[in-house]
């Protein structure tokens, strides 16, 4: 596999990861908010909001694609740029076909990374605030809500479990990776590799969580065993 092909695969993977984070966030917020306030759905489920979401996705995808295209280079140019920035520090990795180096571009790359980290922090606190608000509403409106009853209690537990999986295995690791890379934290390679491994098992953990907390699924699996 050539360096250019591997480079494109990595950046497409990063784009898919960001889209996954955003889609999971919207899905969980949708369930958190509309369970107790279904009349608010009109503010999200309309053509203007959908158009705005599509526009944001398209705009940021184009910006991301432009940045990737500007930084795309062959292996020799990448090695020359890495030597220019860091001397022979990366010497032992230059012969690896999968070696990828993203130039600093005089600090522009890290500036965008820092802006992305700030956005992740803001969305994190927003998401945690909505989750806390949801839990409080569960106790306040449990008897009054038409959509909340004993039969749906296990679904609420499943949603909260999925939220925990999302934060622990996807969102917080993403924040750690972006933080370490943007601020060039010393000796952070092992930390980044560890949290990256957490991200790779998110799908498996979430699937097991659903099978355990959603009673019909659990009963079916027990019968199969």
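The values are calculated or read from the model by the stated rules, or taken from the named source; none is laboratory data. None of these values were measured; they are calculated from a predicted model. Cβ: placed from backbone, ideal geometry, glycine included. Neighbour counts: every protein chain shown.
Would you be able to tell me the number of residues in the stretch 110-143 that are without any contact (Cβ under 8 Å) to a residue 60 or more places away in the chain and assigned to a loop (DSSP other than H, G, I, E, B)?
The total comes to 2.
Given the structure, is residue 125 more than 18 Å from residue 213 (Cβ to Cβ), loosely packed, with under 12 Cβ neighbours inside 10 Å and at pLDDT below 75? It is false that residue 125 is more than 18 Å from residue 213 (Cβ to Cβ), loosely packed, with under 12 Cβ neighbours inside 10 Å and at pLDDT below 75. Note down all Cβ pairs under 7 Å where the first residue falls in the stretch 175-202 and is within 24 Å of residue 115 (Cβ to Cβ), the second is modelled with pLDDT under 90 and not in a helix (DSSP H, G or I), and they're at least six residues apart or on different chains. Once the first residue is within 24 Å of residue 115 (Cβ to Cβ) and sits in the stretch 175-202, its partners that are modelled with pLDDT under 90 and not in a helix (DSSP H, G or I) give 180/188. Annotation: residue 81 fulfils all but one of (1) under 27 Å from residue 20 (Cβ atoms); (2) at pLDDT 80 or above; the unmet one is (1).
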